[in-house]
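My questions will all concern the structure given below.
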There are 2 protein chains.
Amino acid sequence: MEDKLKLMIPGPTPVPEQVLLAMAKHPIGHRSPEFSEIMAEVNENLKWLHQTKNDVLTVTASGTGVMEAGIINFLSAGDRVLVGSNGKFGDRWGKISTAFGLEVDTITAEWGKPLDPEQFREKLEADTEKQIKAVIVTHSETSTGVLNDLETINRYVKDHGEALIIVDAVTSLGAVNVPIDEWGLDVVGSGSQKGYMIPPGLGFVSVSPKAWEAYKTATLPKFYLDLGTYKKSTAKNSNPFTPPVNLVIALQTALGMMKREGLESIFSRHQRLMEATRAAVKALSLPLFGSDEYASPAATAVIPTSVESEQIRSVMKKRYNIALAGGQDNYKGKIFRIGHLGFVSEQDILTVIGALEATLQELGHQSMTPGAGIAAAASVFAKS
Amino acid sequence: MEDKLKLMIPGPTPVPEQVLLAMAKHPIGHRSPEFSEIMAEVNENLKWLHQTKNDVLTVTASGTGVMEAGIINFLSAGDRVLVGSNGKFGDRWGKISTAFGLEVDTITAEWGKPLDPEQFREKLEADTEKQIKAVIVTHSETSTGVLNDLETINRYVKDHGEALIIVDAVTSLGAVNVPIDEWGLDVVGSGSQKGYMIPPGLGFVSVSPKAWEAYKTATLPKFYLDLGTYKKSTAKNSNPFTPPVNLVIALQTALGMMKREGLESIFSRHQRLMEATRAAVKALSLPLFGSDEYASPAATAVIPTSVESEQIRSVMKKRYNIALAGGQDNYKGKIFRIGHLGFVSEQDILTVIGALEATLQELGHQSMTPGAGIAAAASVFAKS
């Protein structure tokens, strides 16, 4: 059956009908007063979503593009940076730093495990000469479904006093609490196809006054990703370069929906969906890839043993028209990931768990009690 | 009246209904076989549109982003480049080159006048030590409606033998003949919201084997805009970073429309619309900003003397719901520009000229014969 796809991957995430229809309107001029009004509303609502008074800048780029902007605007070649890496995206920020001639010191953890904040504390405390100019941390590591302890790591960065904290919040912003001003996060990057409930194509980055101070002396070359020009334009509700006007109008609609739902409700919904998904997967005797303690609100990674991961994905897709994500890099073919990020409801989780049960029955997964997945998810919903 | 806007600016340009509706479909996963099939078709049709066997790479960025990619991937700090500048965009490529530490030698012409190919010849012939590594030329200068003589300039670059030619074809590709393989153009950048008939958000760049040779030794830092990674992904009909899937699906639809219309028809349509617009403007006794000989198929710039340019734009917008572009930088408030790029037909030109006549009557423009604009446009259409 056509047009029945359910997209349960951690990005692109599902998009509400009202957002799709807003996006399908004929484009308007990006220098018109009408567009400037839209930008004004969007800019205000982005600050609300980011819980910040800092600038929140919108760039036509993927999450990687905007994270690159978040790194190169505040540093100079040879600067030392501390990069946390426990998955594909942490790895990538290290690669960007290296490509731009930064001196990269990496703190790693195994895929599926969280970064250890104590290792950050040690490195930062040992740096009495304040050589570390920035600490780059991925909050929600999408490749593994692990949520790193940003709050604690950030506290050690604050104790250091000198280093900026640069955060990849691509799959955490709009899903779990990231109180930028309360925690004092300097640079926070995110992407449209995640918690924002719109298609890919826009990246967002919030920048603190401390980061703007660093910008003044940072010498890495930049033009398209020079955030100083975005700051100036944003203050005038404009853009330095032609923005994807249809996506911006989609964003306006989606931010309106998010405001009506409210931040607390959005966060508790994600928490509930994650708990229900994890409870159901466990009840179906499938091993979770990471522990509950560090579970990401964006995606749940599962590492099946008695059934092939790719077989599960294949039946889920072909028979039930549900797209799940596979593993990346070394975990390709070994894990699958259920996205529960953005425009996802209890209804969707029951659907995906029901289909997962049916798939496991079809594939002859022995150790499961039929119906146990839905029962476990329902029990989470009953409690909260 | 709402929803009656006619967008007659040189980008964003009008978007066909079937493209808008394709774009409004629910996103699919960017790593799915279905999306890979779409990419395969899009990649093949992009080569058709570019008249090339070279790689044509798609980047999530504005035209500026993709032009930056076209410059920084093939050069190293200190390299000498020759930049042609006779408008806002030529200026910008010079600024990018400077920001990345290139040694910039600029050939300028007044705004509204074309670049003089002889000046390129002289500089290139004098460079017997082959210090010039690239020549950067804007084909259609959108800010002034001038089409530079790319064919002749390129011939001198070919005589030089060493330098790459890097072309801003943002508002010429898909509007006027840019035969990449026939002319041997090394790097050609363009943007989705122009001749492509889709909203902004995607940039395109074609890269010749000679440019890939230069890539191997080029040392400017890059990651998000590193075209080598796009080349690898494109060969597998994939993307290095999450692409704006809805825009790619819009592109698939638009390229299908373009193939059905055919390249020759597209070019002759743009030529006809440009000629009709210019004939009408002249017939209404409004001075054109540039000469017919170098008129761009993307936009016609008008520099009115007896009526205020911004008054014309204001009445056109408020009374007739037609958006015209204003001037940029020094020509802000002095010129207006009529876009006739992409999804624009004879019908649209008659509409805009009719409204322009009505506007001029309302504003008391003395020297015009009522009806002369439509008569002149119709006479161009009657002949071709």
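The values are calculated or read from the model by the stated rules, or taken from the named source; none is laboratory data. All of these numbers come straight from a predicted model, not from anything done at the bench. When we count neighbours, we look across all protein chains shown, and the Cβ atoms used for this are built from the backbone with ideal geometry, even at glycine.
Could you tell me which of the residues B:LEU255, B:LEU220 is touching a residue at least 60 places away in the same chain (Cβ under 8 Å), in contact with a Ser or Thr (Cβ under 8 Å, 6 or more places away or on another chain), farther than 26 Å from B:ALA301 by Cβ and of a type in the set (A, V, I, L, M, F, W, C)?
B:LEU220
For the stretch A:252-290, which residues satisfy the criterion of being at negative phi, out of contact with any helix residue (DSSP H, G or I) (no Cβ under 9 Å at 6 or more places or on another chain) and not hydrophobic (A, V, I, L, M, F, W, C)?
Matches in the stretch A:252-290: A:ARG260, A:GLU264, A:SER265, A:SER268, A:HIS270, A:GLN271, A:GLY290.
Just for the stretch A:352-367: of the residues that are in contact with a Leu (Cβ under 9 Å, 6 or more places away or on another chain) and surrounded by 17 or more Cβ atoms within 10 Å (Cβ to Cβ), which one is farthest from A:ARG269 (Cα to Cα)?
Step by step, filter the stretch A:352-367, then rank; the result is A:HIS365.
What's the total number of residues in the stretch B:255-266 that are out of contact with any Gly (no Cβ under 9 Å at 6 or more places or on another chain) and buried (at least 17 other Cβ atoms within 10 Å of the Cβ)?
1
Any residue in the stretch B:34-53 that's assigned by the TED database to the domain that holds B:THR234: show its pairings with residues that are among the charged types (D, E, K, R) and buried (at least 19 other Cβ atoms within 10 Å of the Cβ) at Cβ separation under 6 Å, as long as the two are six or more apart or on different chains.
Cβ pairs passing all conditions: none.
Tally time: how many residues in the stretch B:258-303 are closer than 20 Å to B:ILE9 by Cα and of a type in the set (Lys, Arg)?
Residues flagged as closer than 20 Å to B:ILE9 by Cα and of a type in the set (Lys, Arg) within the stretch B:258-303 amount to 4.
For the structure I just gave you, tell me whether B:PRO209 is in contact (Cβ under 8 Å) with a residue 12 or more places away in the chain, surrounded by fewer than 18 Cβ atoms within 10 Å (Cβ to Cβ), away from chain A (no Cβ under 13 Å) and over 30 Å from B:ALA358 (Cβ atoms).
Judged against the criteria, B:PRO209 is a match.
Quick check on the stretch A:272-283: of everything there that is over 15 Å from the mean Cα position of the chain (by Cα) and crowded, with 24+ Cβ neighbours inside 10 Å, which residue is farthest from A:HIS139 (Cα to Cα)?
By that ranking, first place goes to A:ALA280.
While we're looking at this one, here's another question. Restricted to the stretch B:216-234, and to residues that are under 25 Å from B:GLU44 (Cα atoms) and aliphatic (A, V, I, L, M), which residue is nearest to the other protein chains (Cβ to nearest Cβ)?
Among residues in the stretch B:216-234 that are under 25 Å from B:GLU44 (Cα atoms) and aliphatic (A, V, I, L, M), the one nearest to the other protein chains (Cβ to nearest Cβ) is B:LEU225.
Out of everything in the stretch B:294-337 that is within 19 Å of B:GLY87 (Cα to Cα) and without any contact (Cβ under 8 Å) to a residue 24 or more places away in the chain, what residue ends up being surrounded by the fewest Cβ atoms within 10 Å (Cβ to Cβ)?
Only one residue fits best here, namely B:LYS332.
Let me ask another. Restricting attention to helices (runs of 4 or more DSSP H) lying wholly within the stretch B:175-260, give those where 3 or more residues are farther than 27 Å from B:GLU37 by Cβ.
B:209-217
To continue, here is another question. When A:ALA218 is evaluated against the numbered criteria (1) in contact with a Gly (Cβ under 6 Å, 6 or more places away or on another chain); (2) small (Gly, Ala, Ser); (3) farther than 30 Å from B:PRO12 by Cβ, which criterion, by number, is the only one it fails?
(1)
If you don't mind, there's one more thing I want to ask. Being within 27 Å of A:PRO200 (Cβ to Cβ), within 12 Å of another protein chain (Cβ to nearest Cβ), among the small types (Gly, Ala, Ser) and in contact (Cβ under 8 Å) with a residue 12 or more places away in the chain is true for just one of B:GLY94, B:GLY63, B:GLY101. Which residue is that?
B:GLY63
Which one of A:ILE166, A:ILE266 is more than 14 Å from chain B (Cβ to nearest Cβ), part of a strand (DSSP E or B) and either in contact (Cβ under 8 Å) with a residue 40 or more places away in the chain or under 24 Å from B:PRO27 (Cβ atoms) (or both)?
A:ILE166
Take the residues in the stretch B:1-41 that are surrounded by fewer than 21 Cβ atoms within 10 Å (Cβ to Cβ) and among the β-branched types (Val, Ile, Thr), then tell me which one is nearest to the other protein chains (Cβ to nearest Cβ).
Among those that are surrounded by fewer than 21 Cβ atoms within 10 Å (Cβ to Cβ) and among the β-branched types (Val, Ile, Thr), it is B:ILE28.
Which number in (1) of a type in the set (D, E, K, R); (2) buried (at least 19 other Cβ atoms within 10 Å of the Cβ); (3) within 30 Å of B:LYS194 (Cα to Cα) marks the one condition that A:LYS232 misses?
Exception for A:LYS232: condition (2).
Also, quick follow-up: At least 2 residues that are of a type in the set (Phe, Trp, Tyr) and under 27 Å from B:GLU17 (Cα atoms) in each: list the helices (runs of 4 or more DSSP H) lying fully within the stretch A:12-125 that qualify.
Filter on the stretch A:12-125 gives an empty set.
Among the residues of the stretch B:235-259, write down those that are of a type in the set (Val, Ile, Thr) and within 7 Å of chain A (Cβ to nearest Cβ).
B:THR242, B:VAL245
Another question, if that's okay. Looking at the stretch A:161-189, which of its residues are more than 20 Å from A:ILE72 (Cβ to Cβ) and over 9 Å from the mean Cα position of the chain (by Cα)?
If the condition is that a residue be more than 20 Å from A:ILE72 (Cβ to Cβ) and over 9 Å from the mean Cα position of the chain (by Cα), then A:GLY161, A:VAL176, A:ASN177, A:VAL178, A:PRO179, A:ILE180, A:ASP181, A:GLU182, A:TRP183, A:GLY184 are the ones that fit.
Counting only residues that are under 20 Å from A:ARG31 (Cβ atoms) and not assigned by the TED database to the domain that holds B:ASP91, give me the helices (runs of 4 or more DSSP H) lying completely in the stretch B:306-384 with at least 2 of them.
Answer list for the stretch B:306-384: B:309-318, B:346-362.
Could you tell me whether the stretch A:72-80 includes any residue that is more than 14 Å from chain B (Cβ to nearest Cβ) and surrounded by fewer than 24 Cβ atoms within 10 Å (Cβ to Cβ)?
Yes, some residue in the stretch A:72-80 is more than 14 Å from chain B (Cβ to nearest Cβ) and surrounded by fewer than 24 Cβ atoms within 10 Å (Cβ to Cβ).
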